[in-house]
Structures are given as structure tokens and as C-alpha cells.
1. Scanning for something touching a residue at least 12 places away in the same chain (Cβ under 8 Å), within 14 Å of the ligand (Cβ to nearest atom), of a type outside the set (Ser, Thr, Tyr) and crowded, with 23+ Cβ neighbours inside 10 Å, does segment 69-79 turn up at least one residue?
2. Among the residues of segment 199-208, is any modelled with pLDDT of 95 or more, within 11 Å of the ligand (Cβ to nearest atom) and either closer than 28 Å to Ala66 by Cβ or not in a loop (DSSP other than H, G, I, E, B) (or both)?
3. Scan segment 225-273 residue by residue and report those that are touching a Phe, Trp or Tyr at 6+ places or on another chain (Cβ under 7 Å) and among the charged types (D, E, K, R).
4. Only one of Ala152, Ala117, Ala158 is more than 16 Å from the ligand (Cβ to nearest atom), in the same structural domain as Ser258 (by TED's automatic domain parsing), in a loop (DSSP other than H, G, I, E, B) and farther than 22 Å from Leu244 by Cβ; which?
5. Which count do you get for residues in segment 366-398 that are among the small types (Gly, Ala, Ser), over 20 Å from Gln282 (Cα atoms) and touching a helix residue (DSSP H, G or I) at 6+ places or on another chain (Cβ under 8 Å)?
6. For segment 270-285, state whether one or more residues are touching a strand residue (DSSP E or B) at 6+ places or on another chain (Cβ under 7 Å) and away from the ligand (no atom under 14 Å from the Cβ).
7. Please go through segment 65-104 and give me each residue that is of a type in the set (Gly, Ala, Ser), under 15 Å from Leu226 (Cβ atoms) and in a helix (DSSP H, G or I), ordered by number.
8. With the structure loaded, tell me whether Asp275 is acidic (Asp, Glu) and over 19 Å from the mean Cα position of the chain (by Cα) or whether it fails that test.
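The values are calculated or read from the model by the stated rules, or taken from the named source; none is laboratory data. Remember, it's a predicted structure, so these values are computed and weren't measured experimentally. Counting neighbours? That spans all protein chains shown, and the Cβs are built from the backbone with ideal geometry, glycine included.
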Amino acid sequence: MNREATQDGHAPRADGLHIETRLAHAGTPAPVDGRAGPVNVPVVRTSTVRFPNTATHAALSASRAAGAAVATYGRHGLDTHRALEEAVATLEGGYRALLAPSGLSAITLVLLATLAAGDHALVSDSVYSPVRKVDHTLLQRYGVEVEYFSPAHDDIEARIRPNTRLLYLESPSSLLYEVLDLPALAAIARRHGVLVAADNTWSGGLYYRPLALGAHISVQAATKYLGGHSDAMLGVVTVDSPELARRVGAIHDALGLSVSADEAYLVLRGLRTLDVRLARHQANATEVARYLAGHADVARVYYPALPADPGHALWQRDFTGASGLVSFAFRDGAARRGADFIDSLRHFAIGASWGGYESLALEAAPERLSEHSYWNGHGPVVRLHIGLEHPRDLIQDLAQAFEATDLAARRIA
Ligand SMILES: *Cc1c(COP(=O)(O)O)cnc(C)c1O
């Protein structure tokens, strides 16, 4: 396993502080001289923002219009939101972060802020599937053409057109964790003046830094690891420049996106323990992945931290750790095996989303997998999110589910 992430912590960043230290302090209120004060920023709920006089109102409005992270109305969020934005911008190494009500709305915000009628976008074919819904229901109606490419097989330079404006990626991908060569793809896009955006949900922003590898925009479902407790919905977009902050900020305003101060607080609270949680998710998931790789009923395990995974070399080069997501395909391929296996599990809840402390299992729908050129057609595929339980309990549970469904298979035969 990656030595930096597990033993020495992450390498210090430009200002000399390690990310663990910055995560503990980013966005906390500054102490006021001579006064006792809380460690945490309060939950600031409001619709109306009051101004001491009209001149201040005008000055703050002008500064907001110029792209500053300043609130003149409750919809913009106040101190709690600014603190979270600052902490995420620090984590992602970006210029500014903007909050959205969900991960999907954050993705939609990125697409609407970077694309206009007549534009063309290149999107890797293994992205989070609802991105295609945004394309089909929204972008197509507004005259934007989205083209899906195979990260492993296609020459993207040949697909860049004069009207190509955006390269949108997700690495590792959803469901099968295909690792993309982001630095190489971003270098091609940059040569042609194409913006690069990457979904960074898998790493929680801790184990992967798309902005440092060539992306202009990093987007995350904070619903997952940033929040980390399955109790909040939130998305966040981090941009690398004032110009993009202004562009994304303008569309954010136009859409009227608003986030509750309570959600912002929960995610800020989750972020304080991101490093320790992810380290345990990674350790547990690695044990489970190794167990699955050695099981006779398993044809293939998808987990980039395993040396046998095709993405392992790229993962080692570009990432400092792995998440708790592990998928696997059954060797026997019987259609009902996936559902029966999941129904036999005792310690895994059946449910979408992931990134909380609890383990989850879900069958990856073949119609979703078939969107990915990375999939070899084998299945059924089960996606596990490995939580913070003891890994031996989880492995025992998986073992009894393999046995129970193997018997069922024999009874049917
Ligand atoms: C869950 C997820 C999203 C969407 O996040 P929501 O907060 O559920 O809208 C986006 N990208 C990836 C990779 C995800 O797993």
C-alpha cells in the first residue's frame, strides 16, 4: 500500500503544512482578541442579510458581482458556507469552491457554466451514469453535443473539434474504477484550449488532486466521503482561477442554487475526520478485495490498489490512497446470483450512495455497465462499499453469502 498515505502522511503542500494539519484548521473562526470563542463556525441560518447602511450594501453587491465569495442574500449562504468552501478549496488546491445542493447539481452546474449552444464536449464513457441524463434531458435541448469516448481505446486528440469546449472525466470511474491517465488527457485538451473537469468523488479530494494534474475544475459529491455519515446531500465545485470562479458563480446565481447551513455544517464536520476515516476505509477494503481475489467463485475484482488491477500502475503514480469501493464479478455468471448473494448478506445494507461509515451492497445494472467500454461483458457485478466495521466480520458475512448462494445454485440445477 502507498507508503506516503499510510505511514508518513501525505507530502507537505506548497506552504509547508501537511494536509492533515490544514484539514483540522481550514475554515475555523479566527480567535477574537480578549474573547473566548468556539472552535467551530456556527450554523448561520438566514434568508435576509442585513446591512449597516446603503453604501455597504452597494459595495458588497458590487464585490459579489465581480466574483468575490460575498453574501448579500441568504441564498448565497453565510459564514458556515464560506468556511466549508474555504476548507474544500484548500483540500483540492483550488482558487475557490462553490457549493451546490447535491453532487449531481454540482456536475450540472459545471456543464452549464462551461458549455453553450453549438459547443461540443468530450466525456469519458465510464462516468457516473446520471451525467448522461443531464446530457439527454438538458444539454441536447440547448444545442450542446456530448460525445462519449473510451479512455482506453480512443485517440481523443482526433476527436477534438474547433467547437470542443470541455473534456469531462471521472477517475477512477463509477462501478468498475477504471483509472484514467488524467495528466496525458489534460495535456492534449490544454494544447487545444479545451477546459478539463474531473469528478473527484472517489478520493474525497484527499487521495487525488485533479487540479494539480491538469484539470481546471474538480467536482465532488460531498454527500459521499466529505460528509461521511450518510446524513447530508451536498455537492461542491472547485475551480483553479478567478475567471472560472466568475463564470461558474454567474450560473450558480442564475440557477438559484442554495444549500442549507445545516448541510454545510455537517459536511464541514465530516471533513475534519476525512483522513482517518479514509485510511480505515482503505485498509478494510484492501482486506476484502484480497479475500475476494482469492475466492473460487470470483472471476474478477475491481480495486485499483490491487496489483492485478489493470489501473494499478496509473493509480500508484497519481493517487496517494484508495477508497472503500470494491466491485467484483461472479465466475458462474448465473443471472440471479448477484441478487441472491446481496439478499444473503447480514452486515451490508442494500442501498445507493456510499461514503458513509456503513457497508453497502448493490448489484451494478448491466444496462449501466454496458455504457462502459471498460466492461468485458461478464457479470453479474456486485458493488460493495466497505465501511468502518471490523473487516473480519465483513469477510465472514461475504463467505456465508457465497456458500448460501452456491447451495441455491445447486438446488436449482
Ligand atoms: C453519488 C455520485 C454523484 C452524485 O452525488 P449526489 O450528491 O448523490 O447527487 C456524482 N458523482 C459520483 C462519482 C457519485 O458517486
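1. First pass over segment 69-79, keeping only residues touching a residue at least 12 places away in the same chain (Cβ under 8 Å): 69, 71-79.
After this cut, where a residue has to be within 14 Å of the ligand (Cβ to nearest atom) as well, the list is none.
No, because not a single residue in segment 69-79 is touching a residue at least 12 places away in the same chain (Cβ under 8 Å), within 14 Å of the ligand (Cβ to nearest atom), of a type outside the set (Ser, Thr, Tyr) and crowded, with 23+ Cβ neighbours inside 10 Å.
2. The answer is yes; a qualifying residue exists.
3. Answer for segment 225-273, where residues must be touching a Phe, Trp or Tyr at 6+ places or on another chain (Cβ under 7 Å) and among the charged types (D, E, K, R): just Asp240.
4. Checking each option against the conditions leaves just Ala152.
5. Taking segment 366-398 first, the residues among the small types (Gly, Ala, Ser) are 370, 373, 377, 379, 387.
Then keep just the ones that are over 20 Å from Gln282 (Cα atoms); that gives 370, 373, 377, 379.
Now drop any that are not touching a helix residue (DSSP H, G or I) at 6+ places or on another chain (Cβ under 8 Å), which leaves 379.
Of the residues in segment 366-398, 1 are among the small types (Gly, Ala, Ser), over 20 Å from Gln282 (Cα atoms) and touching a helix residue (DSSP H, G or I) at 6+ places or on another chain (Cβ under 8 Å).
6. Looking through segment 270-285, at least one residue is touching a strand residue (DSSP E or B) at 6+ places or on another chain (Cβ under 7 Å) and away from the ligand (no atom under 14 Å from the Cβ).
7. Hits for segment 65-104 are Ala83, Ala87, Ala89, Gly103.
8. Working: acidic (Asp, Glu): yes; over 19 Å from the mean Cα position of the chain (by Cα): no.
No: the conditions fail for Asp275.
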